Amino acid sequence: MSDDLLPPLPQSWQTTDILGLENLSLAEIRIWLDYAFRFKKLTNDCSKKVPILEGVTCTNLFFENSTRTRVSFSLAAKRLGAEVVEFSASSSSLSKGETFIDTAKTLEAMNVDTMVVRHQTPGTPQLLTEHIGCSIINAGDGPHEHPTQGMLDIMTICQHRTDIKGLTIALVGDIAHSRTARSNIWGLKKLGAHVVVCGPPTLVSRQWERHGIEVSYSLDDIVRRADVLNLLRIQFERQYTRPFPSVHEYALLYAMNRQRLEMAKKDILIMAPGPINRGVEITPEVADGPHSVILNQVTNGLAVRMAALWLVHQAAKRQT
Ligand code: CP
């Protein structure tokens with residue numbers, strides 16, 4: 001199938017790698033969003049196969065656990081007709097002493113076109129671009145960035161609110177350790193949102209004010225004026241000290257529950273990147289309630305990842 005189903009890649013899309021939303025221009029973010037909506041429509045809400053990447057090989061290099069991101073990238077590639085190679089760090093030759101770079105070079109020598117990388121160390125996808133010629137897409141690098149998660153969150157807000165500009169969007173929870181928070185912040189700021197970060201002082205730095213972000217330590221203060229609440233998981237696996245006395249106390253102060261929902265705007269959007277911890281950052285009645293768009297985020301993740309795979313492939317083709 002030809003790719004004339006889509007408009008040609010705009011000149012302002014330059015990159016063959018997607019490492020984060022911080023280093024994408026506003027024009028590139030808008031292009032990515034536009035193609036994500038096109039793919040959503042073209043594939044009948046991400047359900048139908050449109051094989052416009054036949055002959056392309058994508059590999060998923062995941063060094064950290066994942067449900068959503070790994071499955072979503074695999075399905076996105078398959079829906080576009082690409083071949084997918086799943087790489088598992090635990091059963092690879094890394095355990096025999098091979099370096100990460102040598103492993104990636106070995107895979108590249110098998111004519112892989114795109115590597116989707118998740119790693120616990122910030123900067124790993126950037127490091128790969130310095131050694132590898134194929135396209136690299138960051139699927140989450142430690143607490144640094146998770147660009148496809150940021151974009152699927154942005155796409156979900158756009159789907160329900162048309163325009164991001166002027167909306168008050170609060171990211172609540174473990175901002176300090178969250179790559180999702182960072183990607184949201186950079187993307188949402190470029191698109192003109194008023195971004196609030198909210199959580200305990202041990203997990204939310206005042207330094208964000210230097211970037212034009214509002215910092216709040218009280219969910220009760222912001223819940224009344226927020227258009228969107230994105231509830232982030234407490235990332236215990238990245239913490240070396242206890243950031244609050246108990247999970248129970250955290251939930252009392254920062255969980256989105258029915259009482260807080262009653263104080264909120266009538267059309268508030270409740271989002272969560274997942275995995276969610278029911279009863280910690282969100283109660284089940286809110287997670288499964290009418291304001292929740294959590295599963296909608298998951299579906300949009302397919303569209304965002306189809307667009308990402310297509311965009312980097314088109315950009316690489318243009319360079320050859
Ligand atoms: N949101 C997210 O990245 O989920 P996974 O860790 O399951 O991929």
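Every number here is computed from the coordinates shown, using simple stated rules; none is lab data. Predicted, not measured: the structure shown is a model, and the values here were computed from it. When we count neighbours, we look across all protein chains shown, and the Cβ atoms used for this are built from the backbone with ideal geometry, even at glycine.
Let me spell out the model: positive unit charges on the Cβ of Lys and Arg, negative unit charges on the Cβ of Asp and Glu, origin at the Cα centre of the chain. What dipole size does that give, in debye rounded to 20? It would help to have the intermediate numbers written out before the result.
Values: 34 positive and 33 negative charges, 104 e Å.
Computed about the Cα centre, the dipole is about 500 debye.
What FRET efficiency comes out for residue 238 versus residue 4 if R0 is 45 angstrom and r is the Cβ-Cβ distance? Round to the nearest 0.05. Using R0 = 45 Å, I get an efficiency of 0.50.
Amide hydrogen proximity for residue 62: with H placed 1.01 Å from N in the peptide plane, the residues at 5 or more positions away or on another chain lying under 5 Å are 87, 89, 118.
As a proxy for reagent exposure, ranking 172, 304, 50 by other Cβ atoms within 10 Å from fewest up yields 50, 172, 304. Using Cβ point charges alone (K and R +1, D and E -1), the dipole size of the range 1-88 about the Cα centre works out to roughly 420 debye. In the chain, the DSSP-assigned H stretches of four residues or longer account for a calculated mean residue ellipticity at 222 nm of -11000 deg cm²/dmol, using -39500 (n - 2.57) per stretch and the full residue count as denominator.
At 4 °C and 1.567 mPa s, grab the translational diffusion coefficient of the range 249-303 from Stokes-Einstein with a Kirkwood Rh over Cα pairs, rounded to a whole number in µm² per second.
Answer from the Stokes-Einstein relation: 111 µm²/s.
Each 10 Å bin, from zero up to the one with the longest distance, holds this percent of the alpha carbon pairs of the range 68-153: 15, 49, 33, 3.
Helices of the chain meeting both criteria, an alpha-carbon length of 15 angstrom or more along the long axis and an average Kyte-Doolittle score not below -1.0, with helices taken as full DSSP H segments, are 26-42, 68-79, 147-161, 294-319.
First check a/c for the range 118-229, with a ≥ b ≥ c the square roots of the eigenvalues of its C-alpha gyration tensor; if it is under 1.5, answer rounded, and if not, answer prolate when a/b is larger than b/c or oblate otherwise. Oblate is the answer for the range 118-229, as a/c is 1.5 or above yet b/c matches or exceeds a/b. Of 198, 134, the sequence from fewest to most neighbouring Cβ atoms within 10 angstrom is 134, 198. For the range 147-298, the C-alpha radius of gyration sits at 0.94 times the compact-globule guess of 2.2 N^0.38 Å, with N the residue count. Comparing 301, 148, 158 along the charge dipole axis of the chain, the residue lying farthest to the positive side is 158, per the Cβ-charge model. Rounded to the nearest 0.05, the FRET efficiency derived from the C-beta distance between residue 71 and residue 98 at R0 = 41 Å is 0.95. For the range 1-72, trypsin sites (Lys or Arg not before Pro) meeting the loop criterion (DSSP other than H, G, I, E, B) and having at most 14 other Cβ atoms within 10 Å: 48, 49.
In this structure, the residue pairs whose Cα-Cα separation is over 31 Å, taken from 190/266; 41/190; 48/189, are 48/189. Of the residues 37, 73, 87, the one with the fewest other Cβ atoms within 10 Å heads the list, and the complete ranking is 37, 87, 73. Translational diffusion coefficient of the range 7-149 (Stokes-Einstein, Kirkwood radius from Cα pairs, 20 °C, 1.002 mPa s): 135 µm²/s.
For the range 215-320, what is the Kirkwood hydrodynamic radius in Å, using each pair of distinct C-alpha atoms? The Cα-based Kirkwood calculation yields 15.9 Å. Principal semi-axes of the equivalent ellipsoid, √(5λ) from the alpha carbon gyration tensor of the chain, are 33, 23, 17 Å from largest down.
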